[in-house]
Structure formats: C-alpha cells, structure tokens
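First the structure, in the form of structure tokens, and then the observations on it.
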Amino acid sequence: MPTIDEVFDFLQQPTTAVSDYVKFAPGDKKVFRILSNPIQGYVLFMDGKPLRVKPENLSDLPKQNEKGEKPKKFVAFIVYEYADNGPGAVKVWEVPQKMIQEQLKMLYKANNDHWTAYELVVTRIGTGMDTKYPVTGIKSPIEETLAAFCSVASQYIDLSKLYTSENPFLQELPPLEAKKQETKADDLPF
C-alpha cells in the first residue's frame, strides 16, 4: 500500500509525456546540437498522420491531402535538446518549416561547418500563418559526451524508418548529459 507521501508525489507529477520528437509551442525557445547527418524528403499529412518519402519518390505521395495541402520538403536530424536545468535529451528533429531550412542553409553553407559545430537556438514566435522561427547558431565545440554518442547514435535511432512510418527508436536511449570538452569535427564518425 502506498504511503501518503508516495500518493501525493504521484499526483504532483505532470501528466504529459516527454516526446522523443522536438515539438514547438508558441513562445518556445529551444537549444539543440545536431548529432547526425540528416535524411531528406517530402512529407504530407494524411488524416493527421505523416507520410514521408525520399526525394526521388515524390510521385508516391498524393498531390494534396484532404485539406488541400501539398507535400513539403523536410530534413530530419538526431539532436540533443539542452534543458534549462538538468540533463537534456536526445530527440528526432524533423524540419518541414522553410524558414528554418533557409536559416540552417545560410548558417552552414556560409561557414562550411560540420553539423555539430553549433548550438542552435530556435524560437517559435506567433501562431498559424504568422508563425516565425528565428534561428541563431552559436559556434562552440561539441561536448565530449555528445561526440561519443554520435559514433553510436545509429544503434539507437534509424532515421530512415521515418520513410516507412515506423518508430525510428531502435532501443531505449542511454542517459546522456552534455559535458564540455574540446573536440574537433574531424574527430567525429560522420
């Protein structure tokens, strides 16, 4: 039989589950580090569920969904989402927003940097058609623990499973905390 403390501790716990995917609510400001090469393709939501295909398979998607929306280009990464207090979490970040894609392109192509070179700060401002996603890249060396995870990330997450609407998480993720240390992009496995 649970104690009074255990009952009230349980009742005070939040009821929303933590997602393995990056999600933005209006006003959210999130900080990430990309930990993998991306996959890319097209996504179309049909009956509220995403259908994704590789770039060369666009013809496999309907031309539009029940709302009249057309397929969008997307990229998806494995990322580390930093937390304000305590350890962050490894997640999948799918980016169908053209504004974010363009800002990532400007940041990475202009500097010809490795995916892991930046802590990315992304803020969601507004709602609906007025939503904006400013992206800031803060160049900093990747943390030792995150660099180590990069070399084994594919054992835990297979992004290609997004194309078949399967769960990309192959096994439970190990606990991971970002700890600073000088690591060069040349030392990384991808």
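Name the residues in region 24-49 that are closer than 17 Å to Gln101 by Cβ and not in a strand (DSSP E or B), would you?
Matches in region 24-49: Phe24, Ser36, Asn37, Pro38.
If I go through region 1-40 residue by residue, how many of them are exposed (fewer than 10 other Cβ atoms within 10 Å of the Cβ), over 30 Å from Ser160 (Cβ atoms) and at pLDDT 75 or above?
0
Identify, please: which residue in region 116-132 is of a type in the set (S, T, N, Q) and more than 14 Å from the chain's Cα centre (by Cα) and is, among those, farthest from Ser36 (Cα to Cα)?
Thr127
Return the residue satisfying two criteria in turn: it lies in region 50-64 and is under 21 Å from Pro168 (Cα atoms) and assigned to a loop (DSSP other than H, G, I, E, B), and of such residues it is farthest from the chain's Cα centre (by Cα).
Among them, the one singled out is Leu61.
Quick check on region 122-139. Is at least one of its residues closer than 14 Å to Phe77 by Cβ and part of a loop (DSSP other than H, G, I, E, B)?
No, region 122-139 contains no residue that is closer than 14 Å to Phe77 by Cβ and part of a loop (DSSP other than H, G, I, E, B).
Could you list all residues from region 113-152 that are of a type in the set (S, T, N, Q) and touching a Lys or Arg at 6+ places or on another chain (Cβ under 7 Å)?
So the first thing to find is which residues in region 113-152 are of a type in the set (S, T, N, Q), and the list is 116, 123, 127, 131, 136, 140, 145, 151.
Correct list: Thr116, Thr123, Thr131, Thr145.
Say we look at region 162-190 and pick out the residues that are at pLDDT 70 or above and of a type in the set (Gly, Ala, Ser); which of these is farthest from Ile39 (Cα to Cα)?
Keep residues of region 162-190 that are at pLDDT 70 or above, which gives 162-178.
Now narrow it down to the ones that are of a type in the set (Gly, Ala, Ser): 165, 178.
Values: Ser165: 14, Ala178: 24 Å.
Among residues in region 162-190 that are at pLDDT 70 or above and of a type in the set (Gly, Ala, Ser), the one farthest from Ile39 (Cα to Cα) is Ala178.
Could you grab me the full set of residues in region 140-157 that are under 29 Å from Ala110 (Cβ atoms) and either within 17 Å of the chain's Cα centre (by Cα) or not in a helix (DSSP H, G or I) (or both)?
Selection gives Ser140, Pro141, Ile142, Glu143, Leu146, Ala147, Phe149, Cys150, Ser151, Ala153, Ser154, Ile157.
Any residue in region 158-179 that is among the small types (Gly, Ala, Ser), free of Cβ contacts under 8 Å to residues at least 60 places away in the same chain, closer than 24 Å to Gly41 by Cα and assigned to a helix (DSSP H, G or I)?
no
Give the number of residues within region 76-110 that are surrounded by 13 or more Cβ atoms within 10 Å (Cβ to Cβ) and assigned to a helix (DSSP H, G or I).
7
The values are calculated or read from the model by the stated rules, or taken from the named source; none is laboratory data. Predicted model, so just to flag it, every value in this text is computed and none were measured. Please note: Cβ atoms are built from the backbone with ideal geometry, for glycine as well, and neighbour counts cover all protein chains shown.
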